[in-house]
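Colleague: Let me begin by handing over the structure; questions about it come next.
The values are calculated or read from the model by the stated rules, or taken from the named source; none is laboratory data. Just so we're clear, the structure is a prediction, and the values are computed from it rather than from any experiment. Don't worry about glycine lacking a Cβ; one is built from the backbone with ideal geometry, like all the others, and counts go over all protein chains shown.
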Amino acid sequence: MTSAALAQGSAAARIVDAGTRLDHLLVTAGAWLLAVLWILPLLFALWAAFHPPLYAARFDLTAPLTLDNFTRAMAAAPFARYMLNTLMLVTMTLAGQLVISTLAAFAFARLEFWGRDLLFFLVLVQLMITPDVLLVENYRIVSSLGILDTILAIGLPYMASAFGIFLLRQTFKTVPKELDDAARIEGCTTLGILLRVYVPLARPIYVAFGLVSVSFHWNNFLWPLIVTSSVETRPVTVGLQVFASVDQGIDWSVISAATLFTSAPLLIAFLLFQRQFVQSFMRAGIK
Amino acid sequence: MARPVGDPCMDRRLLTTIYAWLLLLPAMVLLVAFTHYPTVATFWASFFSTARGRRPASFLGLDHYRRMITDDPVFLQVVWNNFLYALVTIPLSIGIALVMALWVNERLAGRGFLRMAYFTPTVLPMVAAANIWLFFYTPGFGLLNQIIALFGGPDVNFLGSPETALWSVMAVSVWKEAGFFMIFYLAALQSIPPSLKEAAKLEGASDFHYVRRIVLPLLMPTTLFVLVNAVIGAFRVVDHIVAMTGGGPSNASSLLLFYIYETGFKFWDTSYAAALTVVLLAVLITVSVLQVTVLDKRIHYR
């Protein structure tokens with residue numbers, strides 16, 4: 001918070017009368033009520049995960065804490081492997097997206113060539129028709145490529161990201177032409193300029209896109225559910241679903257533990273880097 | 001195009017074109033393979049029957065589309081469900097998102113916590129969220145039924161009865177989406193100069209008036225953006241349906257994409273699934289065309 005904002009805040013505080021103070025109190029109460037309501041499901045999952053099954057639906061403050069549910073979940077399904085699969089999936093997908101969109105975005109932003117508008121339109125089509133609605137045909141393509149039930153099959157349809165190309169193109173367009181020219185005079189090749197001038201200047205956008213992409217692919221479910229069928233390829237979301245629907249019946253403590261485990265890395269990253277997350281989602285949406 | 005021999009400008013342009021096309025090659029190959037070609041193939045497949053065993057696919061013309069309207073009550077129900085789902089969840093989550101953003105933007109006590117609480121559900125995978133909510137809805141000892149029992153109400157099988165199943169999955173969707181939309185409103189609110197509020201105060205406008213007459217109109221572009229995203233989301237996300245109800249009981253909570261998934265990957269009627277996908281594509285394309293042609297012209301961007 002800047003000092004200007006603070007000064008403004010205290011100035012505003014001085015002029016509030018009793019009526020607006022009551023208003024303020026009511027608004028605060030409402031905001032807190034909603035926040036508690038909103039976070040309640042998660043608190044509930046935390047409660048169930050860290051207490052013995054007996055207390056899953058009984059809120060007794062003296063209930064003993066335990067990690068037993070986590071060990072039982074890990075023993076019942078290969079969650080560590082699922083997690084590894086997800087990590088490989090999001091890394092591979094993001095790496096592919098970054099390289100492919102950088103090259104494409106640069107061409108659209110800075111080169112004059114035949115067919116540019118048409119090709120750009122063809123890219124934008126993907127903003128409207130995302131690969132995950134074309135389940136049947138994409139399944140057919142993936143299977144004819146012979147990569148069914150691989151991690152590559154989950155990521156490949158998303159690797160050319162219209163969203164990424166669009167976002168980076170907008171950013172590259174704001175890079176001053178003079179910088180570009182200066183680097184060229186210094187003897188940089190076009191690819192050199194892209195790597196040394198454009199990419200570093202677009203860093204915040206790369207971070208934003210990276211966070212959005214990682215959260216999307218970490219959470220993606222339906223497409224991976226369709227193309228994977230073995231432990232070695234399933235991401236955590238699919239693993240969790242298989243586990244919850246087949247193996248467990250209604251042992252809520254274990255399911256809660258598994259649920260938290262699958263979301264934990266993303267949740268913890270979010271809690272640690274809240275500001276970056278929120279700003280990234282803003283940036284990605286607005287540009 | 002006629003090209004004068006040896007024109008250096010044209011040569012340069014040709015070179016740039018080759019260079020640009022090379023840069024675009026990886027992106028275009030993947031886009032054609034996983035977006036353009038499958039879209040066309042989906043249209044094409046929807047005119048044929050599904051090949052089964054020794055029986056090859058035969059041309060059916062518009063039969064699949066006729067079947068949807070006259071001979072497939074599940075399709076009609078699923079479309080109705082999806083329509084209702086969009087009609088309820090979109091205004092609710094946008095409304096809640098707006099209120100959240102207005103609150104978080106004020107200098108309230110514990111603002112950091114409020115923002116965190118509102119936004120956290122967004123970070124969770126939908127499947128994880130669905131599994132948590134499953135617990136709430138459980139008959140007997142589920143949290144909601146415990147609360148109902150406290151007030152002496154009857155036990156409700158939220159996900160198991162046709163009257164409540166769709167509403168129960170809607171709640172999960174609103175819970176998960178509102179915080180996401182809040183972010184965009186928050187960004188827009190932070191770009192409104194504080195001087196506007198001071199001016200409104202000086203003119204004697206109440207907070208309510210200030211929000212209604214000044215803030216809401218300024219938020220229109222954001223609302224449009226969020227609205228388009230929400231509509232697309234309402235037709236694209238069915239993870240919670242898979243995890244919570246499987247579309248049941250008797251399709252009461254099934255949505256269009258879930259029905260496509262069922263038709264294509266459980267009943268293996270891929271060409272009927274293709275025809276259903278065409279309907280979904282039509283919805284998505286209509287939304288985008290409306291966004292570009294009608295709404296964008298009415299609402300001025302910065």
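Colleague: In segment A:30-42, what residues are among the hydrophobic types (A, V, I, L, M, F, W, C) and at the interface with another protein chain (Cβ under 10 Å from one of its Cβ atoms)?
Modeller: Narrowing segment A:30-42 to residues among the hydrophobic types (A, V, I, L, M, F, W, C): A:31-40, A:42.
Scanning segment A:30-42 gives A:Ala31, A:Trp32, A:Leu34, A:Ala35, A:Val36, A:Leu37, A:Trp38, A:Ile39, A:Leu40, A:Leu42.
Colleague: A further question follows. Got at least one residue in segment A:199-215 being surrounded by fewer than 20 Cβ atoms within 10 Å (Cβ to Cβ), away from chain B (no Cβ under 14 Å), under 24 Å from A:Ala73 (Cα atoms) and modelled with pLDDT of 90 or more?
Modeller: There is no residue in segment A:199-215 that is surrounded by fewer than 20 Cβ atoms within 10 Å (Cβ to Cβ), away from chain B (no Cβ under 14 Å), under 24 Å from A:Ala73 (Cα atoms) and modelled with pLDDT of 90 or more.
Colleague: Moving to a separate point now. Looking at B:Leu108 and the list (1) modelled with pLDDT of 90 or more; (2) surrounded by fewer than 21 Cβ atoms within 10 Å (Cβ to Cβ); (3) in contact with a Leu (Cβ under 7 Å, 6 or more places away or on another chain); (4) not hydroxyl-bearing (Ser, Thr, Tyr), which single condition is not satisfied?
Modeller: For B:Leu108, the failing item is (1).
Colleague: While we're on this one: Can you tell me which of A:Ala153, A:Ala104 is under 27 Å from B:Gly233 (Cβ atoms), more than 7 Å from every other protein chain (Cβ to nearest Cβ), modelled with pLDDT of 90 or more and crowded, with 23+ Cβ neighbours inside 10 Å? Before you say what the answer is, go through the steps one by one.
Modeller: Details: A:Ala104 fails: more than 7 Å from every other protein chain (Cβ to nearest Cβ).
Testing whether each residue is under 27 Å from B:Gly233 (Cβ atoms), more than 7 Å from every other protein chain (Cβ to nearest Cβ), modelled with pLDDT of 90 or more and crowded, with 23+ Cβ neighbours inside 10 Å leaves just A:Ala153.
Colleague: Can I ask one more? Which number in (1) more than 30 Å from B:Ala51 (Cβ to Cβ); (2) within 11 Å of another protein chain (Cβ to nearest Cβ); (3) surrounded by fewer than 17 Cβ atoms within 10 Å (Cβ to Cβ) marks the one condition that A:Leu119 misses?
Modeller: (3)
Colleague: Return the total of residues in segment B:99-120 being under 21 Å from B:Ser191 (Cβ atoms) and either under 20 Å from the mean Cα position of the chain (by Cα) or not in a loop (DSSP other than H, G, I, E, B) (or both).
Modeller: Filtering segment B:99-120 for residues under 21 Å from B:Ser191 (Cβ atoms) gives B:99-108, B:111-112, B:114-115, B:118-119.
Filter again for either under 20 Å from the mean Cα position of the chain (by Cα) or not in a loop (DSSP other than H, G, I, E, B) (or both), leaving B:99-105, B:111-112, B:114-115, B:118-119.
Count: 13.
Every residue, every condition in (1) more than 9 Å from chain A (Cβ to nearest Cβ); (2) out of contact with any strand residue (DSSP E or B) (no Cβ under 8 Å at 6 or more places or on another chain); (3) assigned to a loop (DSSP other than H, G, I, E, B); (4) not basic (Lys, Arg), yes or no:
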site	(1), (2), (3), (4)
B:Val228	yes, yes, no, yes
B:Val242	no, yes, no, yes
B:Pro249	yes, yes, yes, yes
B:Ala252	yes, yes, yes, yes
B:Leu257	no, yes, no, yes
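Colleague: Any chance you could count how many residues in segment A:120-179 are closer than 22 Å to B:Trp21 by Cα and outside any loop (DSSP other than H, G, I, E, B)?
Modeller: Total satisfying the criteria: 24.
Colleague: Out of all the residues in segment B:121-139, is one or more free of Cβ contacts under 8 Å to residues at least 12 places away in the same chain, outside any helix (DSSP H, G or I) and within 11 Å of chain A (Cβ to nearest Cβ)?
Modeller: yes
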